[in-house]
Each structure stands twice: as structure tokens, then as C-alpha cells.
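Written below as C-alpha cells is the structure these notes are about.
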Amino acid sequence: MSKPVKRMLTDYLKGRFGETRSVCVVDLTGLNVVSTEKLRSALCEKGARLEVVKNRLARQAFSDTVLAPLGEVLRGPCALVTAEDSIIDASKSLVAFAKEFGHLKLKEAMLDGDPDLTSVVDLSKMKTRVELCGDIAALIGGPGRRLAGAIGAPQALIAGCVKTMAERE
């Protein structure tokens, strides 16, 4: 590959992954075309994208970004999975696909630009942002419901007494 072509590919990778902060790295060795397309379709349903990269060019493109720690993982045939919404949902799809087809090797993942990489399997066990927001809302709502009940209880008691007194007269 000539230097101008390598430079173009590096520039493409910088543009494509420049703002990306969450990535899963996988090895597609052993998957045939049909299996790979099934994987792409499954990821597409989750809002994720699978892209095979040339390791050396990806390391060069990532060298001055938050994805620089991925350079150590980019050994052998690699593909990068990115997601528009939730990389955790994409990692769950990857784990399910790896169990089904076996040849998919799950390497490492980066979550929100954290330089400490985690395995794709561990990432798939985490809660998504939507699940965490639901948990927080439930934690906030619990005491609020009890407080509202405590505030409303005396009023209901008084209203019941007034109604009983009105019925007696």
C-alpha cells in the first residue's frame, strides 16, 4: 500500500473515530461471510456498527485521541464495534453472538474514554444508562411517595372525621 493511500486511510479513521469514546474490539477470524453479515445486522438493530480496520493505521489514527489505549489491543485481525446509543447493548449482542457461533473472539472494550480497558464480557454485564436512570428515579421516588403519604394522611383522617360528624347530624 502506498504512503498516500495509507495517509488517506489514517485520515479517514481519524474522522470516523475522532469523537468516539466507547469501542469494543473483536476478532472475526473463523467467521464466514454469512455469519459476519448476521453479526452486522444484529449490531445494526442495536444502533451499532462493525468496522474492520488495519491495526497499524488505526494505532496511528488513535495515537492522539482518547482511543490511544486501544493500540495495545490491536494485534491480529481486529474489528471495531461502535454504537450510537449504548455500547453496553452492543456488547450484550456480541456476547450472545459469540455463544451462538463460537468463532467470534471478544477482546477488550473502552467505555466513555476510560483509559482502563475492560473485557467485552464484563462490559456486557453492566447496566445501561437507561437502566441506571430508572434505578435513580426509583430511589428518588421512594422517599417522595412516603413523604407525600405522610403529608396527606392527617388531611384524610380529618376529612373522614368531619364526614362522620356531618352524617351524625
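The values are calculated or read from the model by the stated rules, or taken from the named source; none is laboratory data. Keep in mind that what you see is a predicted model, and the values were worked out from it rather than measured. Virtual Cβ from ideal backbone geometry, glycine too; neighbours counted across all protein chains shown.
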From the option list Val81, Val73, single residue qualifying as over 17 Å from the mean Cα position of the chain (by Cα), among the β-branched types (Val, Ile, Thr) and in the same structural domain as Glu51 (by TED's automatic domain parsing) is Val73
Within the range 46-71, residues out of contact with any helix residue (DSSP H, G or I) (no Cβ under 8 Å at 6 or more places or on another chain), part of a helix (DSSP H, G or I) and touching a residue at least 24 places away in the same chain (Cβ under 8 Å) come out as Pro69
Listed by first then second residue, the pairs whose first member lies in the range 4-32 and is free of Cβ contacts under 8 Å to residues at least 60 places away in the same chain and hydroxyl-bearing (Ser, Thr, Tyr), whose partner is part of a loop (DSSP other than H, G, I, E, B) and surrounded by 13 or more Cβ atoms within 10 Å (Cβ to Cβ), with beta carbons under 9 Å and at least 6 positions apart or on separate chains, are none
Looking across the range 85-98 at residues that are of a type outside the set (Phe, Trp, Tyr) and more than 9 Å from the chain's Cα centre (by Cα), the single one that is farthest from Leu57 (Cα to Cα) is Ala96
A careful count of residues in the range 83-120 that are within 18 Å of Glu131 (Cβ to Cβ) and touching a Phe, Trp or Tyr at 6+ places or on another chain (Cβ under 7 Å) gives 0
Does at least one position in the range 118-133 carry a residue that is without any contact (Cβ under 8 Å) to a residue 24 or more places away in the chain and under 23 Å from Gly18 (Cβ atoms)? yes
Taking the range 1-29 and the residues there that are part of a loop (DSSP other than H, G, I, E, B) and within 16 Å of the chain's Cα centre (by Cα), the one that is surrounded by the fewest Cβ atoms within 10 Å (Cβ to Cβ) would be Glu19
#### Entry: Test for Val66: is it out of contact with any Phe, Trp or Tyr (no Cβ under 8 Å at 6 or more places or on another chain), surrounded by fewer than 16 Cβ atoms within 10 Å (Cβ to Cβ), of a type in the set (A, V, I, L, M, F, W, C) and closer than 19 Å to Tyr12 by Cα
no
The residue from Arg49, Arg16, Arg75, Arg40 that alone is modelled with pLDDT of 85 or more and more than 17 Å from Ser93 (Cα to Cα) is Arg75
Over the range 30-45, the set of residues not polar (S, T, N, Q) and not in a loop (DSSP other than H, G, I, E, B) is Val33, Val34, Glu37, Lys38, Leu39, Arg40, Ala42, Leu43, Cys44, Glu45
